[in-house]
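The next block holds one structure in the form of structure tokens; read it before the comments.
Just so you know, all these numbers are worked out from the coordinates, no wet-lab data involved. Keep in mind it's a predicted model, so treat the numbers as computed, not measured. Backbone-built Cβ (ideal geometry, glycine too); neighbour counts: all protein chains shown.
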Amino acid sequence: MASPFPKPNETVALPDPLREAVGQLLLAMADDEVLLGHRDSEWVGHAPILEADIAMASIAQDEIGHAVLWYSLLQELGWPDPDRMAYFRDPPEFRNATLVELPKGDWAFTIIRQFLFDFAEKVRLEALMASAWTPLAAAAAKVRREETYHLMHSRAWVLRLGDATEESHRRMQAALEQAWPHALGLFEPTPGEILRVEAGIQPPEAELRARWEAEVRPILEAASLRIPEAEPVYGGRLGRHTEHLAALLADFQGVARSGLGETW
Amino acid sequence: MHVGAVHAPDPEMALILAKEQFARRGRCVSLWVVPAEAIYASRAEEAEELFASALEKEYREPRGFRVAERVRRWMERHGQSLPEAE
Amino acid sequence: MLTYRIHGHTVPVPEQAPPPQEGPEYEARLAEFEARIARGEKIEPTDWMPEEYRRQLIRMISQHAHSEIVGMLPEGKWIPHAPTLRRKLILIAKVQDEGGHGQLLYRAAETLGITREEMVEALLAGKAKYSVVFNYPTPTWADVAAIGLLIDGAAVVNQLMLAQGSYGPYARAMKRICYEESFHIKQGYDAFVALATGTPAQRQMIQEAVNRWWYPALMLFGPPDRDSVHTPTLLRWRIKTKTNDELRQEFVDQYAPMVLRLGLTIPDPNLRYDPETGHWRFSEPDWDEFWRVIKGDGPCNAERMAARRRAHEEGRWVREALAAKAVQRINGGGDGRYAVAGL
């Protein structure tokens with residue numbers, strides 16, 4: 001039987017229902033990145049230290065750049081173009097985990113969220129680099145290279161702020177309490193998971209979560225932070241979001257959907 | 001060769017923060033943080049990833065393309081003479 | 001907060017009182033200093049310099065740095081609303097560059113013996129000036145495009161000149177800044193043209209933005225020469241190499257045609273090309289308004305300063321945490337002085 005997967009130099013077309021299943025994964029990843037990049041970019045001009053402002057702006061650009069990459073792959077599978085996806089869908093159509101739609105909060109919350117997300121992205125990308133679908137594997141390898149800096153950056157901030165002063169510890173602990181349940185939602189299965197796992201596209205989310213916990217727990221503990229016992233906040237992968245997403249999208253999409261113009 | 005200074009609490013943080021301030025448009029092979037008594041350099045095996053943007057950021061280059069430079073391997077941590085200050 | 005300094009540079013520690021700025025020894029040193037400048041040499045931080053030179057540079061460079069930092073706000077406001085992913089990326093990169101320029105300029109000023117903390121405190125206390133242009137509001141997306149063309153265009157005209165200046169660290173910072181500004185103008189013009197060639201609503205939006213930003217762009221070059229008290233000194237010592245009015249004329253000559261050829265208008269009924277001189281004749285900005293705004297009475301001064309103060313206050317715990325961590329690490333060894341070198 002012929003392989004269902006195109007060879008590397010073939011077109012990226014996939015047969016249904018696998019195409020739809022892979023699309024759901026890409027959608028979740030792209031939505032995660034574009035919204036996180038947006039939240040990160042809200043710090044530009046307002047960060048605690050000038051150099052940190054500059055670094056966070058790069059991280060924001062990286063995340064949005066990743067989103068463009070995933071949306072572009074999605075487009076090759078038959079979805080609308082990246083700008084249509086980012087600017088012309090409504091909250092129930094988004095498949096991001098709720099973690100990334102939450103407001104930026106204080107620097108502690110942003111750092112904790114970025115840390116939890118960066119390591120989740122790391123384990124996901126490393127798994128996808130072995131994906132049976134080569135365009136995805138290749139894209140994952142590219143993105144993984146940029147993650148090196150993110151991991152350094154997040155880890156350094158967490159280790160410094162976690163136990164430096166009473167106030168920094170308090171804020172970081174509060175941030176972790178708030179973020180952790182939503183971070184677990186990064187591993188909520190996206191529709192089509194069973195099919196993707198069977199086809200060798202990705203390992204199960206539960207496995208990714210386990211790898212992620214093995215990475216983040218030691219760092220959080222070294223930062224003197226206590227990991228909450230909490231139930232995951234699920235729903236994001238099915239389009240069920242907090243009220244924050246509508247407010248975010250009103251900002252994000254306002255000009256594009258104003259009707260003033262088509263091209264900018 | 002460009003040289004600068006960052007406000008940071010320690011050498012690792014200086015490196016992390018300096019990297020984006022001085023090397024975000026590539027053209028950087030090595031980033032050194034030079035203290036009075038030690039040199040903290042980005043690790044050789046990370047150089048490729050740290051300084052070569054994996055995804056095109058041509059949008060922030062005047063000519064619309066990223067300066068294409070190969071990232072060379074790091075010099076040894078100790079034993080290299082310091083570059084001239086600017 | 002520790003500062004990591006360039007290896008080999010010693011930051012001159014200002015003496016309790018500067019040496020006498022008069023007398024035969026001073027005059028001799030001054031003559032040699034001015035001869036060096038006339039020869040086109042660069043003055044470096046450890047070279048002898050008159051106190052007035054140091055003071056003027058600290059004033060100019062710190063104002064320039066503050067302008068970059070405050071300048072992040074009017075455009076940064078539009079990052080969340082950028083209408084395409086590409087525009088969003090471009091705008092984040094551009095505002096990031098402005099922060100980066102501020103960083104380079106604070107560093108250049110620090111070589112003259114002032115600290116970043118002192119400069120930032122002065123800004124937040126309302127004691128330091130910054131460019132008037134950033135006290136104007138950005139009510140629409142089109143303002144971002146107008147700034148990208150007109151304000152960045154004016155800044156480049158100014159900065160190309162400053163890159164020829166006599167003080168080494170400032171001139172070198174300016175060269176690096178000029179390179180990045182060329183990206184800003186290219187992208188600014190791109191966004192500008194997209195609106196000018198877009199729907200009637202987009203055209204109207206960019207026209208209204210031009211109407212708002214034309215005179216602020218002219219103001220960027222500072223007061224008219226006849227009112228600029230600092231200019232003669234700055235020229236003598238090649239801190240500047242052209243006057244405010246000369247630069248203003250250069251800007252109009254380059255940028256008026258760019259706006260007009262798109263079929264847009266400029267809010268100056270006297271604007272016209274003079275074939276005899278080869279220059280554009282134009283109306284000066286309202287200098288009363290200029291002085292009011294520079295003294296703190298512009299439409300957005302209060303808002304900009306409030307935003308900067310808020311960011312500073314809300315970030316205090318972060319800086320304190322990092323300082324506490326640094327103390328934990330240093331532990332008696334070394335003096336916490338570091339430099340950054342890139343290859």
_Rough spin-label spacing in nm, given labels placed 7 Å along Cα→Cβ, for C:THR233 and C:LEU262_ = 4.0 nm
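Sorted from largest to smallest, which semi-axis lengths in Å does the alpha carbon gyration tensor of region C:50-209 give for its equivalent ellipsoid, taking the root of 5 times each eigenvalue?
Taking √(5λ) for each eigenvalue gives 31, 16, 13 Å, largest first.
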*Setting aside same-chain residues fewer than 8 positions from A:LYS104, which lysines have a Cα under 19 Å from its Cα?*
C:LYS77, C:LYS88
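Given the -39500 (n - 2.57) contribution per DSSP H run of 4+ residues, what per-residue ellipticity at 222 nm results for chain A, rounded to the nearest 500 deg cm²/dmol? Please list the in-between numbers first.
Numbers: 9 runs with 161 residues, N = 264.
Result for chain A, helices only: -20500 deg cm²/dmol.
Per-residue Cβ counts within 10 Å, from other chains only, averaged over A:36-43: what number is that?
Details: counts 0, 4, 5, 1, 1, 10, 3, 3.
For peptide A:36-43, the averaged partner shielding equals 3.
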*Average partner coverage of A:60-73, which counts Cβ from other chains inside 10 Å*: 4
*asked:* For region A:12-74 and region C:212-265, what is the centre-to-centre distance using only Cα atoms, to the nearest Å?
replied: 41 Å
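Over region A:18-256, calculate the relative contact order: mean separation of alpha carbon pairs under 8 Å at least 6 apart, over the residue count, as a percent.
Values: 342 pairs, mean separation 65.6, N = 239.
Here the relative contact order equals 27 percent.
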_Theoretical ellipticity at 222 nm over chain C - DSSP helices of four or more residues, -39500 (n - 2.57) apiece, nearest 500_ = -19000 deg cm²/dmol
_Can you give me the C-alpha center-to-center distance between region C:140-209 and region A:242-264, rounded to a whole angstrom?_
26 Å
*Rg in Å to one decimal, and Dmax rounded to a whole Å, for region C:167-220 via C-alpha atoms*: 15.3, 49
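Normalised by the residues of chain C, what does the relative contact order come to in percent, with Cα pairs under 8 Å and at least six apart?
22 percent
Kirkwood hydrodynamic radius (Cα pairs, Å) of region A:18-256? Display every interim value, and only then the final one.
Values: mean 1/r = 0.0560 Å⁻¹.
Here the Kirkwood hydrodynamic radius works out to 17.9 Å.
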*Hey, with R₀ at 25 Å, roughly what FRET efficiency would C:GLU284 and C:THR197 work out to, going by the Cβ-Cβ distance, to 0.05?*
0.20
*asked:* How many angstrom lie between the Cα centre of region C:85-111 and the Cα centre of region C:287-310?
replied: 21 Å
*Dipole-positive endmost among C:SER62, A:ALA60, A:ALA127 within the protein assembly as shown (Cβ charges, Cα centre)*: C:SER62
*Work from the charge dipole of the protein assembly as shown (Cβ charges, +1 for Lys and Arg, -1 for Asp and Glu, about the Cα centre) and give the residue of A:PRO48, A:TRP180, C:GLY99 farthest towards its positive end.*
C:GLY99
_Could you tell me the extents of chain C's C-alpha atoms along the three principal axes, largest first, rounded to whole Å?_
66, 52, 41
*Based on a Kirkwood Rh over C-alpha pairs, give the Stokes-Einstein translational diffusion coefficient of the protein assembly as shown at 20 °C and viscosity 1.002 mPa s in µm²/s.*
80 µm²/s
_Under 24 Å from the Cα of C:LYS127 - lysines, other chains or at least 8 residues apart_ = C:LYS240, C:LYS295
_Can you give me the angle between helix A:134-161 and the longest principal axis of chain A, using Cα atoms only, in degrees from 0 to 90, rounded to the nearest 10?_
0 degrees
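Could you pull out the GluC sites (Glu not before Pro) across region C:93-172 that fall in loop regions by DSSP (anything but H, G, I, E, B) with no more than 16 other Cβ atoms inside 10 Å?
Working: sites: C:GLU98, C:GLU110, C:GLU117, C:GLU118, C:GLU121; in loops: none.
For GluC sites (Glu not before Pro) across region C:93-172 that sit outside H, G, I, E and B with at most 16 neighbouring Cβ atoms in 10 Å, the list is empty.
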*Please identify the trypsin sites (Lys or Arg not before Pro) of region C:16-58 that satisfy two criteria: DSSP loop assignment and at most 16 other Cβ atoms within 10 Å. Which are they?*
C:ARG39, C:LYS42
